[in-house]
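Engineer: There's a structure below that I have some questions on.
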Amino acid sequence: MKPSNSNKQQSRSAIWRDWAVAAQEGNKTAYNRLLSEIAPFIRNFLVTRVVNPDWADDITQEVLISVHKSLNTYSGDRPITTWLMAIINFRNT
């Protein structure tokens, strides 16, 4: 039996959360993994919402910079996707 998309989303979010918390504690490997994993998620979300697909790449980079600068504001007891979507939506305006 394959995991449902909901289960995949939950497990992905849990992994991202764990990496974010570890990155906050100085774990460079977790930091690199987090950014590598969220970049395609960000781009895929944006590409369907912008007029020019190239803009998705530019906005993705802006979001990743914002994630880097504001990672210390993420609280591990909250869903990381909510935090990430707030950054994406802010950068996409």
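Engineer: Taking the Cα centre of region 14-81 as origin, sum charge times position over the Cβ atoms of Lys and Arg (+1) and Asp and Glu (-1), and report the length of that vector in debye to the nearest 20. Display every interim value, and only then the final one.
Structural biologist: Numbers: 7 positive and 8 negative charges, 26 e Å.
Dipole about the Cα centre, nearest 20: 120 debye.
Engineer: For the chain, which whole-number percentage of the solvent-accessible area (1.4 Å probe, protein heavy atoms only) is attributable to carbon and sulfur atoms?
Structural biologist: 52
Engineer: Something else: Taking a temperature of 37 °C and a viscosity of 0.692 mPa s, what whole-number D in µm²/s does Stokes-Einstein yield for the chain with Rh from Kirkwood over alpha carbon pairs?
Structural biologist: Rounded, D is 240 µm²/s.
Engineer: Please compute the net charge surrounding residue 57, taking Lys and Arg as +1 and Asp and Glu as -1 over other residues with Cβ under 13 Å from its Cβ.
Structural biologist: On the way: positive: 43, 91; negative: 54, 58, 62.
Within the 13 Å Cβ shell, the charges total -1.
Engineer: Next up: In square angstrom, what is the accessible area per residue of the chain with a 1.4 angstrom probe?
Structural biologist: Ligands and nucleic acids excluded, the figure is 66 Å² per residue.
Engineer: Then there is this: For residue 27 and residue 78, FRET efficiency with R0 = 25 Å and r from the beta-carbon atoms, rounded to 0.05? Please list the in-between numbers first.
Structural biologist: On the way: r = 20 Å, r/R0 = 0.78.
Once rounded, the FRET efficiency stands at 0.80.
Engineer: Same structure again: Just to confirm the filter: which trypsin sites (Lys or Arg not before Pro) across region 26-93 are DSSP coil and have at most 13 other Cβ within 10 angstrom of their Cβ?
Structural biologist: 49
Engineer: Further question: Let me cross-check residue 37: its accessible surface, 1.4 Å probe, with only protein heavy atoms counted, in Å² to the nearest 10?
Structural biologist: 90
The values are calculated or read from the model by the stated rules, or taken from the named source; none is laboratory data. If you're wondering where the values come from, they're calculated on a predicted model, not measured in any experiment. Positions of Cβ are generated from backbone atoms using ideal geometry, with glycine treated the same way; all protein chains shown enter the neighbour counts. Ligands, DNA and RNA are excluded from the accessible area calculation, which covers all protein heavy atoms including side chains. Shrake-Rupley method; radii C 1.70, N 1.55, O 1.52, S 1.80 Å.
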